[in-house]
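**Student:** I'd like to ask you about the structure that follows.
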Amino acid sequence: MIDVRPSQRMRDLGVVQHGAGILAEPARPFDLPAERDEAERITDELFAAMERIGLVHPFAKGMGIAAPQIGIGRAAAVVQPPGDAPAIILLNPRIIDCSGEMDEQYEGCLSFFDVRGLVPRPLKITVKTTALTGEIVTAVYAHGVARLIHHEIDHLDGLLYTTRMRTGVDPIPVEEYRQTGHAWVYDGA
């Protein structure tokens, strides 16, 4: 039996991998409601990708995926919080406020799934998004869901979680991470 690395498995499922230019570029916002059909199509593609990925890898703590990770340079992402909470669709999201209180947890990324990294993030964020109707919607997210959403918004800004890690802290191999006993991992477990 051939052991397939986690990043290769994600590549096989259609996830763009680290080093691809699209992951380093800011995503283009939607003009809503004029581009409603395009936004809906891309959102459907994100949900389909999440479903494919979920069939081969469980995400007990939630997961998210951004359009650049499936090769689409548009400002759309989907976050599935843990449990039975409904999915959160993010179109043109912008973080407009962050709490001063931070925590540091391990995160994973579908675009380089072989490692995990300790990432400091605010415990609460306020996010402004655009609804399909063009209406601006503001929501506040806390703790794990805030971390998930912040991670995906970073993707839409052309950033990977490694840019947020403290200086001198490097990602660790997933095999080593699994031995730490840490529970919080996003955009991959």
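Read the figures in this text as sums done on the coordinates, not as results from a lab. These figures come from a predicted structure and were not determined experimentally. We place every Cβ from the backbone using ideal geometry, glycine too, and count neighbours over all the protein chains shown.
**Student:** If I stretch the segment between residue 169 and residue 52 completely, what's the gain in nm (0.36 nm per residue apart, minus their alpha carbon distance), one decimal?
**Tutor:** Extra length available between residue 169 and residue 52 comes to 38.9 nm.
**Student:** If you line up the long axis of helix 36-56 against the longest principal axis of the chain, both from Cα atoms, how many degrees apart are they, to the nearest 10?
**Tutor:** 20 degrees
**Student:** So for the range 72-125, averaging the separation of alpha carbon pairs under 8 Å that are six or more residues apart and normalising by length, what relative contact order in percent results?
**Tutor:** Worked out over the range 72-125, it gives 29 percent.
**Student:** I've got another one for you. Evaluate the relative contact order of the chain (contact order divided by residue number), counting alpha-carbon pairs under 8 angstrom at least 6 apart; express in whole percent. Intermediate values should be presented prior to the final figure.
**Tutor:** Details: 396 pairs, mean separation 50.3, N = 189.
About 27 percent, as a whole number.
**Student:** Peptides 164-177, 24-37, 70-83: what's the order by average Cβ count within 10 Å, highest mean first?
**Tutor:** 70-83, 24-37, 164-177
**Student:** Taking the Cα atoms only, what angle lies between the long axis of helix 143-156 and the longest principal axis of the chain, rounded to 10 degrees?
**Tutor:** 70 degrees
**Student:** Tell me the label-point distance for the pair residue 102, residue 4, using the 7 Å Cα-to-Cβ offset, in nm and rounded to one decimal.
**Tutor:** With each label point 7 Å from Cα toward Cβ, the separation is 3.8 nm.
**Student:** Sort 129-135, 10-16 by the packing proxy (mean of other Cβ within 10 Å over each peptide's residues), most packed first.
**Tutor:** The packing order, highest mean first, is 10-16, 129-135.
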